[in-house]
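First up is the structure itself, then whatever we jot down about it.
The values are calculated or read from the model by the stated rules, or taken from the named source; none is laboratory data. Everything quoted here is computed from the prediction, not taken from an experiment. Cβ placement follows ideal geometry from the backbone for every residue including glycine, while neighbour counts extend to all protein chains displayed. Surface accessibility is based on the protein's heavy atoms, side chains included, excluding ligands, DNA and RNA. Shrake-Rupley method; radii C 1.70, N 1.55, O 1.52, S 1.80 Å.
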Amino acid sequence: MTASSPTDQPTPQLVPEAFAERAQAIEREVGRVIVGQTALVRQTLTGLLANSHVLLEGVPGLGKTMLVRTIADVIDCAFNRIQFTPDLMPADITGTNILVEDGGQRVFRFQPGPIFANLVLADEINRATPKTQSSLLEAMQEHQVTVARQRFPLESPFFVLATQNPLEMEGTYPLPEAQLDRFLFKVMVPFPSEEDLVAIMERTTGNEAVTASKVCTGAEIVEMQRLARAVPIAPHVTAYAVSVLAATHPDQPRAPGLVRDYVRYGGSPRGAQALVTGGKIYALLDGRFNVSIDDIRAVALPSLRHRIILNFEGEAEGITSEAVIRSILDAVVAPTVE
Amino acid sequence: MRKIDLARKPARPRQPGPIPLSIPPDPVGRLAAPLDPALLQLRGALLPHRRRLWLRRLVRRTWLALALVAMAELGLWTLARLAPIASAPLIAAILPVGGLAGWMIAAVRARPALGEAALALDGEGRLGDRASSALELAVEFPESAGPGPDPADPGAGSAAGEATEADRFIRRQRRDALTAVRTAPAGLFAPRVSRRPAAATLVAALLLAPVLLVPNPQDAVIAQQQQVREAAERQAERIDQVAQDLEARGQDVNDPPTKLAQELRDLALRLREHPDQLDANLARLGAVEDEVRAQTDPANEQRASSLISLSRSLSQAATGTPDANRDGDPKTTRADLQQLADNLDNLTAEQQRDLAQQLAGLEATASQADGASGTARRDAAPSRAQGDTAGARSAIDRLGQSLTGAQQRISTGRDLAGAASRLQDARRDLADAGQSTAGQAQAQGQGQSPGASGQVRVRVRVRVRVRVRVRVRARGKVRVRVRVRVRARGKVRARGKVPSAVAAPMPGRSATASAATAVRPGRPTPTGPRSSVPTCPRSTRRSTGSASPAIRPTWPGPAATARPSRATRRVPAPATGR
C-alpha cells in the first residue's frame, strides 16, 4: 500500500476556467502511454472527477490495467490493485483485525486492506464470489469500511476502477445489479484501430519505455470534484435527463418500442444522477459552465448501459443495451422551438 | 384451463409527443430591478435574433396560409364542379381574406418570446444551451441575477461556501453565454422556403388552373336556379298585385275575392320564401288556380251579355225610346225603372199593356241574365197587366235592384276569372323559367361548352292540333278572325306550313277567327326567346271583342290541334365566366 496522503498537501483554489486545462493535462499525460482510446480516457477521467467509480469491460490485452496504472501515475495519490479470484475473501479487500503484541500485551489491531487507497484497481472483478464482490459495496457508496463494528473512513479521492473480461465467462460471477449500480459508468474498451496499433507497437517494443509523469495531486482532484458538483444545470436540461431515464422503463409512456419489447427493468435514479454528474464534467471539459442536452446525450451510453436489464426475449435475440439506449436517444427528442 | 397466448403482446400505449417545451422566462419580467448588467446585455444581444426568428416564422406562416388558401380554393372549385354552389365566387373571394386574417393572427401569435429566441439560438447556433441556461438560471437563482460584487473589492471574493461558488458559476456562465451570443453567426434564422407548404401550394395552384379554366357545367344549373328564383319573385309580385286588386274589390272578409286575396298573399309569401322549390311552387300555384277556377262561373260572360241586353231592353221599355241605354248599363236601367215606377200612375192603360207585353217578351233574356231579375220581371209584368200599381212599383224596384246585384256578381265572376287567368300566366311563366334554362343546361352539358360564345341551335318540332267548334248565332254581319301568335325571343324561323291556327275562346268571350297566319313560313318573328303557341286564356284575352252577345262558344276550351311546324330556334347561350 502506497501511503501518500493528499490531505497533507495544501488545498488549492481552482477556478472553473482552470478545470478543463487541468483535466486536459491529465488526458494528455495519460495519452502518452495509452495510445488512442480518447473516449475511454475521457470517460474514465470523468468517473474519477465525479467522485464515483468506473467499470471497464473489454477483452484481455486492450490496456485496461495499463490505463488505471497510468492514471495512478499521473495523479499523485495512493494506488492499489486487487486481483479478484474465486478464493478471494472480503477480508482480503477490506482488511481485518489481527492479533499483535503491543507493550507485552496482545491486542487486536486493524490491518487495512488494499481498499484503503485513493485509486483501487479491481481487476477481473467478476471472478470473485458475490460475497467478496459485495464487500466493495459499502466502500464504493459510503467511502468507508466497517470491520468488526468499527468504521474506517476512506481517504478522498477514492476511485474504484473495476475491470471484467466478457469472454471467459466460465467460473465467473456476474456482478449483481446493486453492485453494478454503484459504478457511475460502464465503459467498453474497444479494440484499437490499426494506426493506434502501430503506435502501440512502436512504444512498447522498443528499448525506451514511455512513462507518464505526475501532473496532478489528489487534493487537486478533490477540488476538481467539488468544482464539478457546483456546475449549475438549467431546469430544461434536468428535465431532459429525467425523460431519458424514464424512457428506459418499459412501463413508461415515453419508452420506445425496443424498450417495451426487450427491457425488463430500466435504470434507477442513480442513472439520472450519473447523467447529470457526467454532463457537468463534460460541460467543464468543454469549457462551458452549464450543462447542455448534448452533454447528457454524450454520457447516456456509459451511464445507462449497465443499468438496463434485458428480458429473456432481448437476450435471446441478441439485443444489446447500447441499441436500446440509442433507440431511447432517438425517441426522446430534445425540445426545440420552431 | 385458461390458455395463455404467449405470442400475443400487450397493446402498446400511444407514443407521447416530444418533451414538453419549457421556455426559459424573461428575467426582466420575473425579477425586480436592478439586474446584472451582463444579464441585460444578454437580453439585448438576443433581441436581434428574436426579430430574425420572428421573420422566419412569418415567412413560414405565409407559406402555410398560402397552402391553406390554395387548397381551400381547390376544394371549393372542385366541389363547385360536382354540385351547384351559387355562392362559390363569394366564398372564393372570402377565402383569401380569411387566409390573410388568419395569417395576421398567426403572425401576432408567432412572435417569439425571449426564451424561445434563446432556445432557438442555442439549437441553431450550437451554443451548448448557453443562452437558455443563462436565462433560466437567472430566474432560478434570483440572488445571482442582481449586480455582482465589485471585482476590485478584495473582500468580495473571500466569502466561501456553496452559495458563493454557485453564484460565481452562474455569473461566469452568464458572461460565457453573452460572449457566445455575441459571436454567434449573423446569418442564423434566415427565412427559408417551407418545403411541404410550398409544394402543397404549387400542386394546388397547378390543379386549380384547369379547374378554373375548364368551363363548369354547374354554371348552367346555377343560372337556371337563379332564373327560377327571379321568376318566382316576379310571379310573387304579380300575385301580390292580383291580391291587391281583389282586395280592393272585395266588400267584406267573407267575400270570395277577399278570401282569394288572402290566399294569394300566402302563395306569394311562399314563393318568396322558397323560390327555388319549383315543383312545389308550381303545384301550389296550380292548386290555387284550380280553386279559383272552381269558383268561376263558366257562363258568367253569357250572363253579362244577357244582362246588358236585358238592361238595354228594359230601359227601352221603361223610357219608350228605342235608343235608350244603348250600352246596356244596369244602373241606367235602374234609374229608368225608378222613373217608370214613379210615373206608373200617369200611364195610360194602353201604355201599361204595351209595357207588360214588353216585359213578358224579355223572359228568355232575363232568365239568362239572372234568376232574381227574372223573378222580379215575372212579378212586375202581371202586376202591371192586372193594374196593381203598388205591386208593379215594388216589382219594378226589385227588378232594378236585382239588375244591380247581377251586375256585381258578374263583376265578381270576372274578377275571379281574371285572377285565374293571371295565375295561369304566372304558373306558365314560372314553368317556362325552369324549362327553358333546363334546356339550356342540357344543351351545355351535352355538347356546347358553356364558356364558348355563339348560339345554340335547337330543333324543336311542334305539333299542335287545335279543334274549335264555334256556334255563331248572330244577327247581321259577323267577322271571325283567327290569329295564332308565336311568341319567342331571339330569332325564330318556322319551316313548313302553319295551317289555319285557331285560338280558342273562353266561354262568353269573343273569338277570333281569321285564318291569317301570324308566323309566316320562313320569316322570323322579332320577339323574345320563347316560342309557344298561345293557349286559350291568353289568346282570348287578346282577341278582339267585337262579336255580338249572341255568340255562344262551346266550353271547355280548345281541343288543340295545330299542324306541325318544324321550327328552328336560336337560343342565345348564357353568359359564361364566373
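Structure data summary
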item	result
Total residues in the stretch B:265-283, condition in a helix (DSSP H, G or I), open to solvent by 80 Å² or more (accessible area, probe 1.4 Å) and modelled with pLDDT under 85	1
Residue match in the stretch B:221-233 (condition: more than 26 Å from residue B:76 (Cβ to Cβ) and either in the same structural domain as residue B:85 (by TED's automatic domain parsing) or touching a residue at least 60 places away in the same chain (Cβ under 8 Å) (or both))	yes
Neighbours by Cβ (under 8 Å, 6+ apart or cross-chain): first from the stretch B:168-188, within 27 Å of residue A:228 (Cβ to Cβ) and within 13 Å of chain A (Cβ to nearest Cβ); second of a type in the set (S, T, N, Q) and open to solvent by 60 Å² or more (accessible area, probe 1.4 Å)	B:178/B:41
Test for residue B:117: is it at pLDDT 90 or above, farther than 30 Å from residue B:188 by Cβ and surrounded by 20 or more Cβ atoms within 10 Å (Cβ to Cβ)	no
Residue among A:274, A:241, A:228 that alone is away from every other protein chain (no Cβ under 14 Å), modelled with pLDDT of 90 or more, part of a helix (DSSP H, G or I) and buried (at least 22 other Cβ atoms within 10 Å of the Cβ)	A:274
Within the stretch A:258-271, tally of residues that are open to solvent by 20 Å² or more (accessible area, probe 1.4 Å) and away from every other protein chain (no Cβ under 11 Å)	7
Lone unmet requirement of (1) on the phi < 0 side of the Ramachandran plot; (2) open to solvent by less than 30 Å² (accessible area, probe 1.4 Å) for residue B:247	(2)
Which listed residue is in a helix (DSSP H, G or I), farther than 17 Å from residue B:272 by Cα and open to solvent by less than 50 Å² (accessible area, probe 1.4 Å), from B:180, B:232	B:180
Count - residues of the stretch A:81-118 that are under 20 Å from residue A:212 (Cα atoms) and surrounded by fewer than 20 Cβ atoms within 10 Å (Cβ to Cβ)	1
Single residue of the stretch B:16-54 satisfying the filter (open to solvent by 90 Å² or more (accessible area, probe 1.4 Å) and within 14 Å of chain A (Cβ to nearest Cβ)) that is modelled with the highest pLDDT	B:30
Residue identified as loosely packed, with under 15 Cβ neighbours inside 10 Å and in contact (Cβ under 8 Å) with a residue 40 or more places away in the chain among B:345, B:323, B:297	B:345
The stretch B:98-135: number of residues that are assigned to a helix (DSSP H, G or I) and under 30 Å from residue A:292 (Cα atoms)	19
Residue match in the stretch A:294-315 (condition: small (Gly, Ala, Ser) and part of a loop (DSSP other than H, G, I, E, B))	no
So residue A:255, is it in contact with a helix residue (DSSP H, G or I) (Cβ under 7 Å, 6 or more places away or on another chain) and not assigned by TED's automatic domain parsing to the domain that holds residue A:43	no
Pairs where the first residue, in the stretch A:309-337, is farther than 20 Å from residue A:175 by Cα and the second is open to solvent by 30 Å² or more (accessible area, probe 1.4 Å) and of a type in the set (D, E, K, R), C-beta under 6 Å, 6+ apart	A:329/A:297; A:337/B:116
Filter pass, residue B:379 being of a type in the set (Asp, Glu), at pLDDT 80 or above and surrounded by fewer than 21 Cβ atoms within 10 Å (Cβ to Cβ)	no
Residue, farthest from the other protein chains (Cβ to nearest Cβ), within the stretch A:313-329, restricted to residues that are closer than 23 Å to residue A:56 by Cβ and among the acidic types (Asp, Glu)	A:322
Top-ranked residue of the stretch B:128-147 - restricted to ones that are open to solvent by less than 10 Å² (accessible area, probe 1.4 Å) and among the aliphatic types (A, V, I, L, M), ranked as modelled with the lowest pLDDT	B:145
Positions within the stretch B:118-150 being facing chain A (nearest Cβ under 7 Å) and of a type in the set (Gly, Ala, Ser), in sequence order	B:120, B:123, B:128, B:132, B:133
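Rundown of residues vs (1) at negative phi; (2) touching a Lys or Arg at 6+ places or on another chain (Cβ under 6 Å); (3) facing chain B (nearest Cβ under 10 Å); (4) open to solvent by less than 20 Å² (accessible area, probe 1.4 Å), yes/no style:
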site: A:256; (1), (2), (3), (4): yes, no, yes, yes
site: A:287; (1), (2), (3), (4): no, no, yes, no
site: A:301; (1), (2), (3), (4): yes, no, no, no
site: A:311; (1), (2), (3), (4): yes, yes, no, no
site: A:331; (1), (2), (3), (4): yes, no, yes, no
